[in-house]
Amino acid sequence: MTQRIVLIGAPTDIGAGARGASMGPEALRVADIKPILESHGLSVEDHGNLAGPTNPWLPPVAGYRHLAEVIEWNRAVHDAMLAALQAGQLPILLGGDHSLAVGSISAVARHCRAVGKKLRVLWLDAHADFNTSTITPSGNLHGMPVACLCGHGPAELVSMSDQVPAIEPWNIYQIGIRSVDQGEKRFVHEMGLDVFDMRFIDENGMRHTMEQALLGLDDNTHLHVSFDVDFLDPEIAPGVGTLVPGGPTYREAQLCMEMIADTGRLASLDVVELNPALDVRNKTADLAVDLIESLFGKSTLMRRS
Ligand SMILES: [Mn+2]
């Protein structure tokens, strides 16, 4: 059966600390995400962009910046992702900042429970995104989605799925992490999150890392990838708001995506934090699309299994 992919744009930087991720969906379209995926025989429908509040660019209130607007955007994302999953489609969320993963993954978790599937989330990111209002240094909600999904955060975000918490910490594997705030570090440890940080990747290689992260997937597993473009090394991907040196190289990122593709289990995807205002001639968008191609099975050779 041909996978029916739908593109869902969420043009907002409401949860970010820098403006510009709101232009992400269009940059990915300009980088030909649709025709490139179609060239691999995939069916791709572009559902256009969701609508939501504009960014008022205000300081945080009680540890959260733009909370009401973040909730509104996430409700729109949740509903669109859920509708696509219920229609048997494979949704790709074109962000937008990473706070949108609350709505996206809440919908995925809800769908998995409804159809009796196991859920595995791969969180590709430079950051753990596990802050709360009390430990956050900035109040930016794009640093909090994993904590919200695990039940720690504002009620409206924490309860977006059909149950609280939306996911358990053991459903989520983080890869590429290299920047974790002080209080966040302790909280990640307490919650028992599986984190393959850059040191782990340096010591064990991307191949072994991905073997671990993909261990135990079966026919009944829904694999969701939340791809924060700042996962990549800034040398190859300058178009993000929160650059952290020392990320995966081009080859390591390709291997990561190819090994995910090999499982044949990818069922939903977020592509977030691409910031065209900080990019150079759309090269980060082109790279993101190149890696998404690999995620959907582009390989250099016809591989023998
Ligand atoms: Mn992130």
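The values are calculated or read from the model by the stated rules, or taken from the named source; none is laboratory data. For clarity, every value in this text was computed on a predicted model and none was experimentally measured. Note that we place each Cβ from the backbone using ideal geometry, even for glycine, and neighbour counts take in every protein chain shown.
Picking from residues in region 1-43 that are closer than 22 Å to Ala84 by Cα and among the β-branched types (Val, Ile, Thr), the one that is surrounded by the most Cβ atoms within 10 Å (Cβ to Cβ) is Thr12. Considering Asp286, Asp262, the condition of being more than 20 Å from Val180 (Cβ to Cβ), free of Cβ contacts under 8 Å to residues at least 24 places away in the same chain and either in a strand (DSSP E or B) or out of contact with any helix residue (DSSP H, G or I) (no Cβ under 8 Å at 6 or more places or on another chain) (or both) is satisfied by Asp262 alone. If you go through region 79-99 and keep only what is buried (at least 23 other Cβ atoms within 10 Å of the Cβ) and either more than 25 Å from Leu215 (Cα to Cα) or within 16 Å of the ligand (Cβ to nearest atom) (or both), you end up with Met81, Ala84, Leu93, Leu94, Gly95, Gly96, Asp97, His98, Ser99. Cβ-Cβ contacts under 6 Å between residues 6 or more apart (or on different chains), taken from a first residue in region 121-141 that is under 24 Å from Thr263 (Cβ atoms) to a second residue that is more than 13 Å from the ligand (Cβ to nearest atom) and in a strand (DSSP E or B), are listed as Val121/His224; Leu122/Tyr173. Residues in region 118-128 that are more than 9 Å from the ligand (Cβ to nearest atom) and of a type outside the set (A, V, I, L, M, F, W, C) were compared, and the one that is farthest from the chain's Cα centre (by Cα) is Lys118.
Of everything in region 265-283 that is in a loop (DSSP other than H, G, I, E, B) and within 15 Å of the ligand (Cβ to nearest atom), the residue that is farthest from Val108 (Cα to Cα) is Asn275. For the residues Val115, Val102, the requirement of being modelled with pLDDT of 95 or more and either within 12 Å of the chain's Cα centre (by Cα) or within 16 Å of the ligand (Cβ to nearest atom) (or both) singles out Val102.
Looking at the structure I just gave you, is Pro35 closer than 20 Å to Ala267 by Cβ and outside any loop (DSSP other than H, G, I, E, B)? Walk me through it before giving the result.
Details: closer than 20 Å to Ala267 by Cβ: no; outside any loop (DSSP other than H, G, I, E, B): yes.
It is false that Pro35 is closer than 20 Å to Ala267 by Cβ and outside any loop (DSSP other than H, G, I, E, B).
Listed by first and then second residue, the pairs linking a residue in region 33-52 that is under 12 Å from Gly297 (Cα atoms) to a residue that is among the small types (Gly, Ala, Ser) and buried (at least 16 other Cβ atoms within 10 Å of the Cβ), with Cβ atoms under 7 Å apart and 6 or more places separating them unless they lie on different chains, are His40/Gly297.
Residues that are under 15 Å from Gly246 (Cβ atoms), of a type in the set (D, E, K, R) and either in contact with a Pro (Cβ under 9 Å, 6 or more places away or on another chain) or surrounded by fewer than 14 Cβ atoms within 10 Å (Cβ to Cβ) (or both) within region 192-211 comprise Arg199, Asp202, Glu203, listed in sequence order.
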